[in-house]
Each structure stands twice: as C-alpha cells, then as structure tokens.
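The block underneath contains the structure these notes are about, expressed in structure tokens.
The values are calculated or read from the model by the stated rules, or taken from the named source; none is laboratory data. Everything quoted here is computed from the prediction, not taken from an experiment. Note that each Cβ is placed from the backbone with ideal geometry, even for glycine, and that neighbours are counted across all protein chains shown. Quick note on the areas: whole protein, heavy atoms, side chains included, nothing else; ligands and nucleic acids left out. Shrake-Rupley method; radii C 1.70, N 1.55, O 1.52, S 1.80 Å.
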Amino acid sequence: MLKPLFLLIFWIPRQILYYVKLIWSRKRYPPGPFPLPVIGSMWRRFDTSITEMTFRKLAKDYGNIYSLWGGGFHCIVVCGYQAMKEVLIDHSEAFVDRMVTPYLLTTIKGKGIAFSNGHTWKQQRRFGVVTMRKLGLGKKGKEAQIQEEAQDLVEFFAETKGQPFDPSLSIMKTTSNVISAATFGHRFSTEDKKFVELMEAVALVLSFGSSISYFFYEAFPYIMKYLPGPHQTVLTLLEKIVSFAKEEIKRHKENQNQHEPEDFIDFYLLEMEKRKNDPNATYDEDNLTQSIVDFFIAGTETTSSSLNWTLLFLANHLDIQDKVYKEMEEVFSPSQSICYEDRKKLPYTNAVIHEIMRNKYSVLFGLPRQSVQDIYLNGFLIPKGAIILPDLRSVLFDPEQWDTPEEFNPNHFLDKEGNFVKNDAFLPFGAGARVCLGELLANMEIFHIFTQLLRAFRLEPPEGVELSEKSVTALILHPISYKICAVPRIRAP
C-alpha cells in the first residue's frame, strides 16, 4: 500500500497545477461545462448516467463543437453533420490519430489497426484494406460464406416452430462466425466451449468501456493498477482473447505451406515473410494478434446489436415487414436466391435496412480521435493532443439533414418515384481516413440475414406481449432482452 500512497501524494500537486493552467487557458478552447478540480466536467453526469441523448443535450447548451475535461484529458465533442464533415473529412489529416490513454497503452500498446498511429497504422490499415479485397468481400467467394451463415440462422429459427424465443445468442454466434471465416478461414461449432468463452469475453470488454471503473482507470492509472476491481477482470479477459488469436496464428504457421492463402492470417504471414528484411516494416505477430482482436471486438458486437434491433423493430411494425416481403416476392421467385448486388432491385427493402441502422443506431458514439496539430475551428483553438469525440448519433439525427429525424421513415432514403437515394449524413461507420474497415462486411451480413429471414418467416411478438424498444446503455446499445416468434411463411403453390 505504500507505493499507491506515495503516488497519490505526488499526484495531488500535479493536479492542482493542471487545474490552474486549465482555468487560465480554457477561454481559447471551444466552450463547455465549467471544469471542477480532479473530476473536470464529469459533474454534469452525476445526476444521471450517460445515455444516447447526453451529448446532443450538451450541444444545445454549448454548440456543435464543445469541450469536456476530466482526468487530465481535454475532450472536444463534435456534433451534427456540418461540424462532423469539417473535422473528419475536410480536416481529416489533422485528426487522423487515435487517442492514446493509459488503458489503451496497457492493453493495446499501439499495435493493430484500430488504435495504432503513425507509420504502424498506415501500414496495418493499408494491408487490411488490400487483404479484404483479396478475400473477395463484395464478390461471390466470401458472399457465399455469409449466405451460408444466414441460412444456418434460418434453420435455427425454423427449429423454434413459431414459439417465443430470444434471438440474441444465435445472432451473436452468426456474426462471430462471419468474422472467424474471414480471419481464420473456418467457422466454429456453436457448441465449442472456447468459442462461446471468446464471445462472452468480447461482450464484457466492450461493456467495461462505458463503466465508472474505466473512467477511474483513465484518471488514476498509477493507482488503479494496484487495486482490485472490474478493470483487473477485463485485463484478464483481454489476455484470453489474445491467447485465442495466438493459438490460431500458431495453427496457421504449422500449415502455412500446404495451401494458397485463404484468410487474413494466411495473407499476413505471407507478408511477414516477404518483408522480413525490410527495416521499415511493421508486420509482426504482435500486430497480427492485435488486428485479430480488433476485428472481433469491432465486428461482432456492433453487427449483432444492429441485427437484434432490426428483428425487434420488424416484430413491432408488421406493416413495414409485410411491405418488404411483398417487394421481394414481386421481384424474385421462391426458387431464386438474393445476392448483395440485388439490393438495387429492392429499393424499399434497402431503404428500410438503412433507416433501421439510422433510427436504431447501435453505438453510443464514434471511436475517439486525437488532434495531431493545433488547428482553429469556428474561431476556437483545437490544441494538439486533444481528444476528439465524434458524436455520430447526432449526425444520424441531425434535423438539418433528415425530414423527421426522431421518427422511423424509410422515405429518408427514397425519392418521389420510390428509387433508393443515398444521404451524405448517413455515417454510421464514421468518415475520413479512419472510416470503419469492416463497413462492407457488416452491410453484407445485415442485408443477407434480413432478406433470408423475412423470406422464410413473419417475425411477430408473442401473443399479448408489447415489446419494449428501450436500450441498455453501454458503448454498444443493445435492446432490452426480448422474445419473438418466427412464424413460417406459407407460400402459394
């Protein structure tokens, strides 16, 4: 206990000095809640927990670019489409870095794709983009695998025989296996104990990111690392995910010369061999391991949450569901399969999918960036090193970009003739240099699962039950646990 006490005594005067400096200089920065010592602007959340409305409410008081302070960090929140475009697109290079915090330094150590910076990020990101293309995302090879996973889900739903069931676990297994196929080249049995433990670990790690324990870790890292608590549990879970990835890498290395590259690990190991004498190369097993962890953490919970919201919404809006089914029946015969390219023939179906993703956005806020230089926006200084928090939800609900932002309205993506139209403010995957690497994969998953399920079933609430559309607040917003009935459709002979 002496070491934490010594660190605390050393820490207090540093905080006093930081606070005096903050009060002196804050008028140059975007406005925000007055910061108090130690807790900064955190006092604004003590009367209520952070929800999907928190940042938009603060934007009404302080504008679309405002400041929050806490734990030694200056965080600048960006809200609304115009401000987001200016930051993430128009000045993308000024805000290209990910934030560097004590928790991320402890867990990720600047490796992988999602949270690396500089030369490492550029190489890992470029390799990820090229490899995804080689794997055929958007082409028939990987699309066929996604269709197979969707069909397995249809078969599971059929086994429920129209009785009420919770679809969340089956959805999670499906999205995890899509990532597994692209990363490892194979899927896992849904009964595989290690696979189930991996999914549980990913869910718990993400939920930790919005907890009080996480904020205390970021604010007092030198003290918290010596104390017990949820943060220690999460660090253990992250080690378990890393070990899972390393086992797969080892298995691939043992069979590396037996076939042509088939998955992300195969291509990465091949690149490592090609660039082993290049002093500027960052291709190593640590970066490969972290990239795998990035894929699973970023690509499973978000997509499964979107699909859970989709099924819940459809069960609550049978008229919309029936209209989608009618459009598919008019365009395709029962024996025809639907591919991703066919979304162009299904404008209403495509609009409904986009509108659910907008109206039921599953992420609390976008992954933070960090400014790499001093820059002025709207007359205020955004200092080098400030954390940039993109409130992507505010863009999806921006009243200047959407006719009825608070309502579900497929016409947001349809013109007067009923043709599908894009909206520049549809940014659920972010924008600029750091746009989500798995955007196409997620869109394909959602489209195939959506269309295959609705062609096979009418999704209904259990008799006499009103399904709630309230969310469980965390970094990934899940609906409150619910049950639906997958009633088989009876096609005309």
>> Please give the charge dipole size of the stretch 116-270, origin at the Cα centre, charges +1 on K and R Cβ atoms and -1 on D and E Cβ atoms. Round to the nearest 20 debye.
In response: 700
> From the square roots a ≥ b ≥ c of the eigenvalues of the alpha-carbon gyration tensor of the stretch 74-144, which class results: rounded (a/c under 1.5), prolate (a/b over b/c), or oblate?
Replying inline: oblate
> Placing +1 at every Lys and Arg Cβ and -1 at every Asp and Glu Cβ, with all other atoms neutral, what dipole size does the chain have around its Cα centre, in debye to the nearest 20?
Replying inline: 1620
>> Under 8 Å for C-alpha pairs, at least 6 residues apart: give me the relative contact order for the stretch 380-461, rounded to a whole percent.
In response: 21
> About its Cα centre, what dipole magnitude does the stretch 412-484 give when the only charges are +1 on Lys and Arg Cβ and -1 on Asp and Glu Cβ, stated in debye to the nearest 20?
Replying inline: 140
>> List the residue ranges in the chain for DSSP H helices whose C-alpha atoms run 27 angstrom or more along the long axis and whose Kyte-Doolittle average is 1.0 or above.
In response: 2-25
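How much area per residue is accessible in the chain when the probe is 1.4 Å and only protein heavy atoms are counted (Å²)?
Dividing the accessible area of the chain by its residue count gives 48 Å².
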>> Ignoring ligands, DNA and RNA, please state the percent of accessible area on the stretch 184-276 from carbon and sulfur, probe 1.4 Å.
In response: 55
>> With a 1.4 Å probe and all protein chains kept in place, how much accessible area does residue 339 have, in Å² rounded to the nearest 10?
In response: 50
> Tell me which lysines have Cα within less than 19 Å of residue 142's Cα, excluding those fewer than 8 residues away on the same chain?
Replying inline: 134, 173
>> Given an 8 Å cut-off on Cα distances and at least 6 residues of separation, report the relative contact order of the stretch 83-198 as a percent.
In response: 13
>> Using helices alone, I'd like the mean residue ellipticity at 222 nm for the chain: each DSSP H run of four-plus residues gives -39500 (n - 2.57), total over residue count, nearest 500.
In response: -15500 deg cm²/dmol
> In straight Cα distance, which lysines are under 24 Å from residue 85, not counting same-chain residues fewer than 8 positions off?
Replying inline: 57, 60, 122, 360, 384, 422
> Between 405, 454, 444, whose Cα lies farthest towards the positive end of the dipole of the stretch 360-468 when Lys and Arg beta carbons carry +1 and Asp and Glu beta carbons carry -1, centred on the Cα centre?
Replying inline: 444
>> I need to check one value: relative contact order of the chain, counting alpha carbon pairs closer than 8 Å and at least 6 residues apart, in percent.
In response: 24
> How big is the accessible area of residue 132 in square angstrom, nearest 10, if you roll a 1.4 angstrom probe over the protein chains?
Replying inline: 30
>> Using a 1.4 Å probe on the protein heavy atoms only, what accessible surface does residue 271 show? Give it in Å² to the nearest 10.
In response: 40
